[in-house]
Ligand SMILES: NC(=O)c1ccc[n+]([C@@H]2O[C@H](COP(=O)([O-])OP(=O)(O)OC[C@H]3O[C@@H](n4cnc5c(N)ncnc54)[C@H](OP(=O)(O)O)[C@@H]3O)[C@@H](O)[C@H]2O)c1
């Protein structure tokens with residue numbers, strides 16, 4: 001079997017290596033890459049942080065992260081091999097001298113031989129800038145090709161995203177900056193463009209003149225848990241809609257460039273994001289907060305942070321004229337289900353006495369990754385019954401060479417493949433739209449409605465969609 005591998009010696013620096021993201025996502029991803037033998041013989045994983053830790057203590061953390069994900073399935077040989085490459089450097093994010101010492105330590109670990117270097121930012125956004133600047137100061141000591149991988153969120157509004165863009169550009173070329181949204185590492189999400197490129201029928205169908213509406217749902221049954229500190233300051237629109245769900249919309253609704261190179265795809269995404277228009281009806285937003293949220297540790301007493309949002313908007317492009325888009329996302333609901341439903345218009349000649357479902361194209365991202373097309377048939381001789389005919393196909397990666405989202409994306413970053421990463425232009429265009437949403441909620445004083453834990457969310461979500469004559473679609477029904 002041919003596996004995409006990293007062939008040259010490398011260093012992988014993890015800033016914030018004592019944090020949750022590193023433990024939950026990065027260590028398991030590195031383990032899977034090691035398990036699948038995608039690393040060269042010579043590489044170094046270097047945790048960097050303010051928490052004093054020996055190499056042994058760091059290895060223990062890596063091991064715990066891996067066991068936490070894979071449990072008894074952990075392959076001891078692969079894990080031990082990875083641990084043998086893991087080291088820790090205790091330093092301050094704003095001390096240039098610490099970066100110089102770190103670069104010397106890396107050179108020693110590589111016995112003075114040349115190695116490529118990628119630095120992963122597993123730290124909160126306020127720490128991005130000090131690291132970017134100081135890391136650039138030791139670029140040459142770290143090897144000629146230094147890449148940085150930043151995980152979303154990128155700023156908290158358009159202005160701060162523009163500021164981060166300008167700051168980053170002072171120190172790094174755009175091709176060395178990998179802006180990661182882990183949704184773009186999902187197998188089903190990565191399938192959307194190839195499906196569109198390879199199937200003329202899909203592109204004939206993905207046109208506003210035959211589609212009645214698009215619904216994007218990311219419904220979760222869990223609460224915010226340990227992410228309260230971050231979540232309290234952003235809320236669900238900035239956490240979920242701003243990047244994850246808008247990216248999915250773009251993959252469905254953007255024009256397909258003739259060549260799917262990264263620059264052309266990014267250009268079309270920016271075009272789509274720039275055409276999002278919000279608000280002919282008062283606000284078109286429903287906001288909510290689950291009942292027990294205020295009792296979560298770290299939540300301010302009168303917190304108005306939103307844990308549910310349903311939003312209605314349009315795409316101001318001729319192709320999507322008057323096709324409403326609905327995005328609905330929430331925490332602590334009655335199910336964990338992420339899916340996109342594209343609902344087609346019913347034929348004008350259809351007999352109105354028959355209650356016939358519209359045709360639908362559905363892509364599910366969780367719990368299953370699959371594509372479905374729903375047609376309608378009539379059956380029965382004496383009494384005609386209308387029945388949905390469902391054709392479904394898995395989009396999940398199967399086989400021994402599948403990788404988790406972070407594993408895929410880290411590998412891509414190392415190999416210099418930017419196609420599943422974001423550009424600052426996209427991020428800024430997304431923020432512009434999200435800023436307009438946020439401004440509207442403030443202007444109209446959209447209430448944050450309390451909803452029952454484990455329920456379906458605020459009742460007004462139905463008003464939002466019924467005003468256009470539609471219903472929220474649930475593919476599991
Ligand atoms: N957790 C997730 O699943 C997840 C998912 C997607 C995106 N993200 C994003 O990824 C980033 C890291 O997430 P995380 O959950 O790992 O964050 P975290 O646990 O709060 O922070 C990670 C590490 O950064 C350092 N740090 C924290 N606050 C700092 C501060 N104010 N100044 C300097 N250093 C500080 C700490 O390490 P030391 O004190 O040892 O230096 C900490 O262990 C965040 O931007 C988050 O939004 C997280």
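Since every read-out is calculated from the coordinates, none of them should be taken as a lab result. Quantities reported herein were computed from a predicted structural model and do not represent experimental measurements. When we count neighbours, we look across all protein chains shown, and the Cβ atoms used for this are built from the backbone with ideal geometry, even at glycine.
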Based on other C-beta atoms within 10 Å, arrange 344, 165, 15 from fewest to most.
344, 165, 15
Over what distance in Å are the Cα centres of segment 439-477 and segment 63-114 separated?
46 Å
DSSP beta bridge pairing in the chain, given as percent antiparallel to the nearest 5
55 percent
Within segment 10-151, the percent of DSSP beta bridges that are antiparallel, given to the nearest 5, stands at 0 percent
Taking Cα pairs closer than 8 Å and at least 6 residues apart, the relative contact order of the chain in percent is 18 percent
Of the peptides 288-294, 149-155, how do they stack up when ordered by the mean number of other Cβ atoms within 10 Å, highest first?
149-155, 288-294
How high is the FRET efficiency between residue 452 and residue 207 when r is their beta carbon distance and R₀ equals 45 Å, given to the nearest 0.05?
0.70
Each label sits 7 Å from Cα toward the beta-carbon; between residue 417 and residue 92 the label points are separated, in nm, by 4.1 nm
Share of alpha-carbon pairs per 10 Å distance bin for the chain, given as whole %:
4, 18, 28, 26, 16, 6, 2, 0, 0
Only counting other Cβ atoms within 10 Å, I'd like 306, 51 sorted with the fewest neighbours first.
51, 306
Could you work out the Kirkwood radius for segment 10-151, taking every pair of different alpha carbons, averaging 1/r and inverting it, reported in Å?
15.1 Å
For the pair residue 75 and residue 375, how long in nm is the line joining their label points, each one 7 Å along Cα→Cβ?
4.3 nm
Ordering of 191-199, 415-423 by packing [mean C-beta count within 10 Å, highest first]:
415-423, 191-199
If you find the alpha carbon centre of segment 293-325 and of segment 30-62, how far apart are they in angstrom?
38 Å
Between the modelled labels at residue 227 and residue 392 (7 Å from Cα along Cα→Cβ) the distance in nm is 2.6 nm
Fewest Cβ neighbours within 10 Å first, please rank 398, 305, 74, 262 accordingly.
398, 262, 74, 305
Of 100-111, 29-40, ordering from highest average Cβ density within 10 Å down gives 29-40, 100-111
Just need the Rg to Rh number for segment 63-118, please, alpha carbons only, Kirkwood Rh.
1.10
